[in-house]
1. At 0.36 nm per residue, minus the direct Cα-Cα distance, what do His139 and Gln68 gain on full extension? Give it in nm, one decimal, please.
2. May I ask you to evaluate 6.51 cos²θ - 1.76 cosθ + 1.60, the Karplus curve with θ = phi - 60°, for each residue of the stretch 33-49 and list the ³J(HN,Hα) values in order in whole Hz, giving x for glycine and proline?
3. Return the long-range amide H neighbours of His126 (sequence gap of 5 or more, or a different chain), with a cut-off of under 5 Å between placed amide H atoms.
4. For the stretch 128-175, which trypsin sites (Lys or Arg not before Pro) are both in a DSSP coil and crowded by at most 12 other Cβ atoms within 10 Å?
5. At a probe size of 1.4 Å, how large is the accessible area of Val36, to the nearest 10 Å²?
6. Near Lys249, which lysines are there with a Cα under 24 Å away, not counting those fewer than 8 places off in the same chain?
7. On a C-alpha basis, how far is the centre of the stretch 83-112 from the centre of the stretch 200-238 in Å? Whole number, if you could?
8. For the full complex of protein chains and a 1.4 angstrom probe, list His139, His259, His126 by accessible area with the highest value first.
Amino acid sequence: MMLNTDLHGGMVERKMTYNQFESNLRNTEATIDKGVLKELYNGIKSKPIIVNTTQPAEPPKPLPTLEQYENVIHKQGSLVKKNYILMSGKRPGIFKRGWKRWDAELRGSKLTFSKGGKKTEIICHHCIASRTITHRNRHCVMLLLCADDRQFLLQAVDDTDLQEWMHAINKVAAMFSALPMAAPVSNSNTFQPHSLPMSRTKCSLEEQLQNHMTQVDKLTHEYDALIRQQSNLVAPTPEWHYKKRYLEKEKEKFEEYAHLLNTLLFPDSEESLMSPQSFGRATANRMSYKRAVQKNVTPVNV
C-alpha cells in the first residue's frame, strides 16, 4: 500500500524506483524472491490499487409496528366538548348538549375526557375528525364522527392545536380500525351500510395501508356505478341520495386513512400515495336515512 501511494499519490513528486523498493524490503525480516518483487513493483506501477472509500450502505430502517403505538400518548391537552348527535340519530336533551371543557388525552386508540373525577372514553375506530364551519361564534371547532353514528363537536385552543388533534385522531383511526364487515342481510332492496367493528385490527400497518387502498378502489367502483344508475331514474330517490352521500364520505375517509398511513410508513418518500381533498365538509346537521325517508327530504351537508 505504501508503494501504491508513493507511485500514484498526487502529493509525491519523486516516485520510488525499483531499487529503492528492494532496498526498503532488504531491511525487513521478509525474504522474497527478486523476480516476485520485480513483478509486484511493475504490476502496481502499471495498475494502481483503487481503495474503496465509500461508506457501506446503512441497512433500511425497520417499519413501525402497531404494537409501538398501543400505549403511546399521541396528544393531550384541553378540549371543549359538545354532544351533538346520539346513536339514535337524535339530538341530546337541551340540558345535555352544552359545551363543557375537559382534560383530553389520546392514548392508543382511546380518546379520554376527564374532569373532577368524571371520565368518559371514545374508541377512535373508524372515527374521522374534520374541521367545521364557525359554530355560533366558536372558532377552531372540529366535528368527530364515530362508528356508532355519534357525533361530537370539539373546540381546540387555537388553529395549530386543532390541526394537531385532527391529525392525531385520524392517524389513530387509520392504524387501529379493522376492515368493515358485510352489510346486514335484508329481504328488501333498501340500501344497508357496512357494519363497522369496534374491535382493533390484527393486521400490520403495511397490511392496513393495503386494506385502506383496497377500500378506496371498491368504494370508487360502487360510486361510479351509482352515478351511472341515475340516468335510469326518473328522479333520484331519498335512498339514492343517502347512498351517494354515504359512499362519498366513506371514500374520503379511507383516502385520508391511506394518506396518513403512507406518510407514517414512508416519511421520506417523494411520491405521495394520494392527495385527497380535505375531509372538511361539515355534516353537523346530518340526518339519518330513516329520518330522511320519513320527512321525504334529502340529507344535506351544512
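The values are calculated or read from the model by the stated rules, or taken from the named source; none is laboratory data. Because the structure is a prediction, the values reported are computed rather than measured. Positions of Cβ are backbone-derived with ideal geometry, glycine not excepted, and every protein chain shown enters the neighbour counts. Just the protein is used for accessible areas: all its heavy atoms, side chains included, with ligands, DNA and RNA removed. Shrake-Rupley method; radii C 1.70, N 1.55, O 1.52, S 1.80 Å.
1. Taking His139 through Gln68 to full extension adds about 22.2 nm, to one decimal.
2. Each residue's phi maps through the Karplus curve to give 4, 4, x, 5, 4, 4, 5, 5, 4, 5, x, 5, 5, 7, 9, x, 7 Hz.
3. Ser177
4. Working: sites: Arg131, Arg136, Arg138, Arg150, Lys171; in loops: Arg136, Arg150.
Passing both the DSSP loop test and the Cβ count: Arg136.
5. We get 80 Å² for Val36.
6. The qualifying lysines are Lys81, Lys82, Lys90, Lys110, Lys171, Lys218, Lys290, Lys295.
7. Between the Cα centre of the stretch 83-112 and that of the stretch 200-238, the gap is 29 Å.
8. Final ranking, largest accessible area leading: His139, His259, His126.
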